[in-house]
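Chemist: Below are the structure tokens for one structure; questions will follow.
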Amino acid sequence: MFQWMRQELSRHDPPAHGWCGGILFDEMSIQADLMISSVHGEIRLVGFVNMGEESAAMTIMKTGSTQVNLATHALQLTFQGETGFKFPLAHFPTAEATAPELYHILWNGITSLRDWGFKVTYVCMDWAVHNRSLLKLHFSVDPIIEKFLVSSPLSLKETDKVAFIMDPSHLFKKLLDFTYVSRRTAAHLVKTIKEQLVKCGLKVENVKGQAYDTTAAMSSDNRGLQGLFRKDVPNAVYTPCTSPSIHFLPDL
């Protein structure tokens, strides 16, 4: 998978920063069911929870049972490069992944990407309960104090920082619901977002990422919301909204 991913990006002859980007992950509900699959002549049953040997071991230690359950959700990880390159890394059938399971999968993915020449600078996720618990696993103090930046637990380099970003489709919309928006132009939305960040005690210049839908008014580099915002905050990397990105992945 990672070799294929590297080959695909190499075909586009990317600049140095093209190998940098973030991991988007989301979990979706699926219909619990079993299917018979044939792979190279081997018959398999597909539909059970399968998040790797470590996750299975944790489940056995926690429950004392080796019973395997049907998957009710699918966890998808996608790499989003700074030049727009997007590649689905992996998917796992789950029964709603817990924070420890997410922790293991996430950092294994980041480490594997690094081994293949990629650099992960941020992780984007929604505000689900298990994701909030995952965030708490990384900080012994208020994440705001650490600017939502964490060092890789698998690297001795303090410079290997990864930023955690809450998916704005779940965060900013709640924030703007309490704010009267007289105009929906990109310029006015930029002004409103900055004002709300300041009211929440956040420094606008510390914003490391932004995610909106892919309409021109939001995604345009010149006149869209993300482009205007980056003129003042150049480090606020734009990521197309996680939810649509994930939903379209099965069509790839």
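The values are calculated or read from the model by the stated rules, or taken from the named source; none is laboratory data. Note that the structure is predicted; figures quoted are calculated from it, not measured. Virtual Cβ from ideal backbone geometry, glycine too; neighbours counted across all protein chains shown. Only protein heavy atoms, including side chains, enter the accessible area calculation; ligands, DNA and RNA are left aside. Shrake-Rupley method; radii C 1.70, N 1.55, O 1.52, S 1.80 Å.
Residue by residue, here is whether (1) in contact with a strand residue (DSSP E or B) (Cβ under 6 Å, 6 or more places away or on another chain); (2) farther than 19 Å from PRO240 by Cα holds:
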{"residue": "LEU9", "(1), (2)": "no, no"}
{"residue": "MET28", "(1), (2)": "yes, no"}
{"residue": "ILE43", "(1), (2)": "no, yes"}
{"residue": "SER55", "(1), (2)": "no, yes"}
{"residue": "SER65", "(1), (2)": "no, yes"}
{"residue": "GLN80", "(1), (2)": "yes, no"}
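Chemist: While we're looking at this one, here's another question. Please indicate, with yes or no, whether at least one residue in segment 74-82 is in contact with a Gly (Cβ under 7 Å, 6 or more places away or on another chain), under 28 Å from LYS208 (Cβ atoms), modelled with pLDDT under 90 and acidic (Asp, Glu).
Modeler: Yes, that holds for at least one residue.
Chemist: Which of the numbered conditions does GLY18 fail, given that it passes all the others? Conditions: (1) touching a residue at least 60 places away in the same chain (Cβ under 8 Å); (2) in a strand (DSSP E or B).
Modeler: GLY18 satisfies every listed condition except (2).
Chemist: Mind telling me which of the residues GLN7, GLN31 ends up being open to solvent by 80 Å² or more (accessible area, probe 1.4 Å) and not in a helix (DSSP H, G or I)?
Modeler: GLN31
Chemist: Go through ILE144, ILE110 for me and flag whichever is among the β-branched types (Val, Ile, Thr) and more than 14 Å from MET166 (Cα to Cα).
Modeler: ILE110
For every residue, the table says whether it meets (1) modelled with pLDDT under 80; (2) outside any helix (DSSP H, G or I); (3) open to solvent by less than 30 Å² (accessible area, probe 1.4 Å).
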site	(1), (2), (3)
CYS124	no, yes, yes
SER133	no, no, no
LYS136	no, no, no
VAL150	no, yes, yes
SER155	yes, yes, yes
VAL162	no, yes, yes
HIS170	yes, no, no
LYS174	yes, no, no
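Chemist: Which residue pairs have Cβ atoms under 6 Å apart, sit 6 or more places apart or on different chains, and have a first residue in segment 228-252 that is under 18 Å from ALA217 (Cα atoms) and at pLDDT below 80 and a second that is in a loop (DSSP other than H, G, I, E, B) and open to solvent by less than 20 Å² (accessible area, probe 1.4 Å)?
Modeler: Pairs that qualify, where the first residue is under 18 Å from ALA217 (Cα atoms) and at pLDDT below 80 and the partner is in a loop (DSSP other than H, G, I, E, B) and open to solvent by less than 20 Å² (accessible area, probe 1.4 Å), are THR242/ASP167.
Chemist: Further question: From the residues in segment 207-226 that are at pLDDT 85 or above and within 21 Å of the chain's Cα centre (by Cα), which one is farthest from CYS20 (Cα to Cα)?
Modeler: Ranking the qualifying residues of segment 207-226, first place goes to LEU225.
Chemist: In segment 110-119, how many are crowded, with 17+ Cβ neighbours inside 10 Å, over 15 Å from the mean Cα position of the chain (by Cα) and part of a helix (DSSP H, G or I)?
Modeler: 0
Chemist: Keeping to segment 70-109, report how many residues are open to solvent by 20 Å² or more (accessible area, probe 1.4 Å) and either closer than 24 Å to ALA16 by Cβ or assigned to a strand (DSSP E or B) (or both).
Modeler: Of the residues in segment 70-109, the ones open to solvent by 20 Å² or more (accessible area, probe 1.4 Å) are 70, 72-74, 76, 82-86, 88, 90-93, 95-96, 98, 100-101, 103-104, 108.
Filter again for either closer than 24 Å to ALA16 by Cβ or assigned to a strand (DSSP E or B) (or both), leaving 70, 73-74, 76, 82-86, 88, 90-93.
Number satisfying all stated conditions: 14.
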